[in-house]
Amino acid sequence: MKSKILFVLCLLAGLMFMNAGLDKFLHYMPVPKDMPEKMIKHGKAFMEIGWLLPLVGSAEFVGGLLLIFGRTRALGAVIIVPVLTGILLTNISVAPSGLPIVFALIAIILWVIIENREKYLPMIGK
């Protein structure tokens with residue numbers, strides 16, 4: 001039962017990250033009317049640095065895709081952690097209203113990391 005719940009949560013989180021990553025390339029999601037001015041400035045700054053948006057979008061898409069499948073879930077979590085850190089810091093400093101979703105995503109990724117902790121041991125030299 002626990003593995004089925006984790007799969008569903010990883011599927012939803014993975015699809016969210018994949019959608020966000022694709023939007024960085026295709027720009028199909030409209031900007032919300034009530035978005036804070038600071039957040040719009042951050043978005044424009046990301047676009048000014050030509051390589052940054054594609055890099056983040058690629059990491060979101062690939063990390064989200066890897067989260068969906070059990071064999072690659074641990075690698076997906078490693079790819080998503082830096083992106084999720086940026087999302088957390090942006091929401092703390094600019095748009096605290098998005099923090100509940102960020103905390104839910106962090107909880108899912110932490111669960112994935114805890115479930116796959118033995119796979120990370122070679123990365124830390126144990």
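Brief remarks on what is shown
- Matching residues, the stretch 61-70, being within 17 Å of Leu9 (Cβ to Cβ) and either within 14 Å of the chain's Cα centre (by Cα) or modelled with pLDDT of 95 or more (or both): Gly63, Gly64, Leu65, Leu66, Leu67, Ile68, Phe69
- Residue in the stretch 44-55 that is surrounded by fewer than 16 Cβ atoms within 10 Å (Cβ to Cβ), touching a Phe, Trp or Tyr at 6+ places or on another chain (Cβ under 9 Å), over 27 Å from Val8 (Cβ atoms) and not small (Gly, Ala, Ser) present: yes
- Scanning the stretch 71-86 for any residue that is closer than 23 Å to Lys2 by Cα, in contact with a Cys (Cβ under 7 Å, 6 or more places away or on another chain) and surrounded by 12 or more Cβ atoms within 10 Å (Cβ to Cβ) turns up at least one such residue.
- Only one of the numbered conditions (1) in contact with a helix residue (DSSP H, G or I) (Cβ under 7 Å, 6 or more places away or on another chain); (2) modelled with pLDDT under 95 is violated by Leu88, and that is (2).
- Hey, Gly125 small (Gly, Ala, Ser), at positive phi and either surrounded by 14 or more Cβ atoms within 10 Å (Cβ to Cβ) or modelled with pLDDT under 90 (or both) or not: yes
The values are calculated or read from the model by the stated rules, or taken from the named source; none is laboratory data. Everything numeric in this text was worked out from a predicted model, so none of it was measured. So basically every Cβ, Gly included, is an ideal-geometry build from the backbone, and we count neighbours across all protein chains shown.
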